[in-house]
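To keep things clear, I will list the structure first and then write my remarks on it.
Every number here is computed from the coordinates shown, using simple stated rules; none is lab data. Note that the coordinates shown come from a computational prediction; the quantities given were computed from them, not determined experimentally. Positions of Cβ are generated from backbone atoms using ideal geometry, with glycine treated the same way; all protein chains shown enter the neighbour counts.
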Amino acid sequence: MANIASARKRIRQTLKRTERNKARRSRVRTFIKKVEEAVLAGNKEEANIAFKTAQPELQRACLKGVMHKNTVARKLSRLSQKIKKLASV
């Protein structure tokens, strides 16, 4: 355990941030899962709605530093491609 006050404070801050980041990452995964489930069900309208709600959540995760910007871009791109394929099928 840390003896210096600033180190103890850093530990407290890290714990809070870790919890916050875990929650945000979990939330992002849930939104992605909703889009993928709608795609698997073949429901394009529902997939579009889920995608539109997932997009800002992913962008926020990038902004907050939970996910890298390229990772977010790749995930959004792949989800968008899956939704577009529904139209042709």
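A few notes on this one:
- Output for region 58-79, where each listed residue is surrounded by fewer than 15 Cβ atoms within 10 Å (Cβ to Cβ) and in a helix (DSSP H, G or I): LEU63, LYS69, ASN70, THR71, ALA73, ARG74, SER77, ARG78
- Candidates ALA2, ALA23 - the one that is loosely packed, with under 14 Cβ neighbours inside 10 Å, among the hydrophobic types (A, V, I, L, M, F, W, C) and under 20 Å from the mean Cα position of the chain (by Cα): ALA23
- Residue within region 47-56 that is of a type in the set (A, V, I, L, M), in a helix (DSSP H, G or I) and without any contact (Cβ under 8 Å) to a residue 12 or more places away in the chain present: yes
- Among (1) free of Cβ contacts under 8 Å to residues at least 12 places away in the same chain; (2) more than 16 Å from the chain's Cα centre (by Cα); (3) loosely packed, with under 13 Cβ neighbours inside 10 Å - the single one GLY42 does not satisfy: (1)
- ILE32 being under 11 Å from the mean Cα position of the chain (by Cα), assigned to a helix (DSSP H, G or I) and either in contact (Cβ under 8 Å) with a residue 40 or more places away in the chain or loosely packed, with under 11 Cβ neighbours inside 10 Å (or both): yes
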